[in-house]
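Chemist: Could you have a look at this structure, given as structure tokens, before my questions?
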Amino acid sequence: FSPLLFLLFVLYTMDEWTLNLDNYSDPFLFVVPIAAIVGVFLSKFLYKRNIEALKDKDNLRSKLAGFQSASIVSYAPVEGATLLGIVAAYKSPNIFYLSIAGLLIIYLFYQRPSKLKIEQELELHGELKNQFDKGEVEIK
């Protein structure tokens, strides 16, 4: 949520925007897209690694707490690349950087957890699925 607010702030405060993809002396022209790609792939890697470790647990509370942790950890690389893109756009008013940041925010939005996603990722079956459906477990 905070990257979106920061993006809106930068969008509102900048007077003039340009689309300049020819300025090879600007290091952000290479760093921002690479950071975005690395952030997305690192996010997926961290998420899958942390989710795999949860599949052997038989306690719903520990599975849900682990899912929450895996989700938060997987958001960090993408959020970092997003913030880098927004800072780059603020330093040099190139709409290219803000576009990348906006795409990463949309990507984060689609990564949000849903009940179906949690059931599928944690492979909840039988009693664990019943507990989850009834909402008998809270994560503190």
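The values are calculated or read from the model by the stated rules, or taken from the named source; none is laboratory data. Not measured: the values here are computed from a predicted model. Every residue, glycine among them, receives a Cβ derived from its backbone with ideal geometry; neighbour counts consider all protein chains shown. Surface accessibility is based on the protein's heavy atoms, side chains included, excluding ligands, DNA and RNA. Shrake-Rupley method; radii C 1.70, N 1.55, O 1.52, S 1.80 Å.
Chemist: Please report the carbon-and-sulfur percent of the accessible area for the chain; probe 1.4 Å, protein heavy atoms only, DNA, RNA and ligands left out.
Modeler: Ligands and nucleic acids excluded, carbon and sulfur give 62 percent.
Chemist: While we're on this one: Per the Kirkwood definition applied to all pairs of different Cα atoms, how many angstroms is the hydrodynamic radius of region 1-55?
Modeler: 14.4
Chemist: Separate question: Considering the dipole of the chain built from charges on the beta carbon (Lys and Arg +1, Asp and Glu -1) around the Cα centre, which of Ser25, Val38, Ser92 is farthest to its positive end?
Modeler: Checking the options against the dipole of the chain, the answer is Val38.
Chemist: Each residue of region 94-104 in order: what ³J(HN,Hα) in whole Hz does its phi give by Karplus 6.51 cos²θ - 1.76 cosθ + 1.60, θ = phi - 60°, with x for Gly and Pro?
Modeler: 9, 5, 4, 5, 5, 5, 5, 4, x, 5, 5
Chemist: Quick check: the angle from helix 28-54's long axis to the longest principal axis of the chain, C-alpha only, nearest 10 degrees?
Modeler: It works out to around 0 degrees.
Chemist: Right, another one. Report, please, the projected area of the chain averaged over directions, based on the convex hull of its C-alpha atoms, in nm².
Modeler: 9.4
Chemist: Continuing with this model, one more query. Is it possible to state the helix-based mean residue ellipticity at 222 nm for the chain, with each DSSP H run of 4+ residues giving -39500 (n - 2.57), the sum divided by total residues, to the nearest 500 deg cm²/dmol? What is it?
Modeler: Roughly -24500 deg cm²/dmol at 222 nm, from the helical runs in the chain.
Chemist: Follow-up question, since we're still on this one. Hey, can you rank 21-31, 4-14, 93-103 by average C-beta count inside 10 Å, highest first?
Modeler: So the peptides 21-31, 4-14, 93-103, ranked by packing, come out 93-103, 4-14, 21-31.
Chemist: Per residue, how many Å² of accessible area does region 1-129 show with a 1.4 Å probe?
Modeler: Dividing the accessible area of region 1-129 by its residue count gives 61 Å².
Chemist: Also: Would you work out the Kirkwood radius for region 70-140? I mean one over the mean of 1/r across all pairs of different Cα atoms, in Å.
Modeler: After inverting the mean inverse Cα-Cα distance, the result is 14.5 Å.
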